[in-house]
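What follows is a set of notes on a single structure, which appears directly below.
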Amino acid sequence: ADDVAFVEASASGPLALVRRARQVLAHGLAAGHIDKAVHRTIEIKLGTLNDLCGASEKILRSPSPPAYTRHTSRVLLVFLFVVPMGLLDLDLPVHFLVMASAFITYLLVGIEEIGGELEEPFR
């Protein structure tokens, strides 16, 4: 119950867990339950975990630039407008051109939506 309250009271849950793990590790060393070499190895691993948590927090707090998102959407729109004109040179039946253009539009708009979600992975 104390551990849960400790994590909930902190601004960053993952960093609070790393801090709590370090406290438990230090207590284990002081009580003689953990060898110094093992303590040092685990402490190094916890330091690496702390760095990775910090980097993840930075990604979480950094918004993607709205100009970038708008620009990619506009480029996609222009490309999708030009695709049917490019398919006209293939001398295919009109119904096939419409279906091919719709399919290409569906695929690329779907990829653009997935990209939008990947820009902000923690939201």
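The values are calculated or read from the model by the stated rules, or taken from the named source; none is laboratory data. Only a predicted model underlies this, so the values are computations on that prediction, with no experimental measurement involved. Note that each Cβ is placed from the backbone with ideal geometry, even for glycine, and that neighbours are counted across all protein chains shown. With ligands, DNA and RNA removed, areas are computed over all heavy atoms of the protein, side chains included. Shrake-Rupley method; radii C 1.70, N 1.55, O 1.52, S 1.80 Å.
Tell me yes or no: at least one residue of the range 62-77 is without any contact (Cβ under 8 Å) to a residue 60 or more places away in the chain, open to solvent by 60 Å² or more (accessible area, probe 1.4 Å) and more than 25 Å from the chain's Cα centre (by Cα). Within the range 62-77, one or more residues are without any contact (Cβ under 8 Å) to a residue 60 or more places away in the chain, open to solvent by 60 Å² or more (accessible area, probe 1.4 Å) and more than 25 Å from the chain's Cα centre (by Cα). Does D51 satisfy the criteria of being acidic (D, E), at pLDDT 90 or above and not in a loop (DSSP other than H, G, I, E, B)? Considered against the rule, which asks whether it is acidic (D, E), at pLDDT 90 or above and not in a loop (DSSP other than H, G, I, E, B), D51 comes out as yes. Only one residue in E113, E117 is touching a Lys or Arg at 6+ places or on another chain (Cβ under 9 Å) and either on the phi > 0 side of the Ramachandran plot or without any contact (Cβ under 8 Å) to a residue 60 or more places away in the chain (or both), so which one is that? The match here is E117. For I34, the conditions (1) part of a loop (DSSP other than H, G, I, E, B); (2) touching a residue at least 12 places away in the same chain (Cβ under 8 Å) are fulfilled apart from (2). Comparison of A26, A55, A9, A21 shows that the only residue that is in contact with a Leu (Cβ under 8 Å, 6 or more places away or on another chain) and among the small types (G, A, S) is A21. Within the range 42-53, residues that are under 15 Å from L25 (Cα atoms) have Cβ atoms under 6 Å from residues that are in a helix (DSSP H, G or I) and not hydroxyl-bearing (S, T, Y) in these pairs: I42/L25; L46/V18; L46/A21; L46/R22; L49/V18; N50/V18, counting only partners at least 6 apart in sequence or on another chain. Within the range 86-109, no residue that is under 22 Å from L76 (Cβ atoms) and open to solvent by 90 Å² or more (accessible area, probe 1.4 Å) sits with its Cβ atom under 9 Å from a residue that is at pLDDT 95 or above and part of a loop (DSSP other than H, G, I, E, B) at 6+ positions apart or across chains. Quickly run through the range 1-60 and pick out the residues that are within 28 Å of E119 (Cα to Cα), over 21 Å from the mean Cα position of the chain (by Cα) and open to solvent by 80 Å² or more (accessible area, probe 1.4 Å). Matches in the range 1-60: E8 only.
Return yes or no: is E8 touching a residue at least 12 places away in the same chain (Cβ under 8 Å) and either among the charged types (D, E, K, R) or at negative phi (or both)? Answer is no for this residue.
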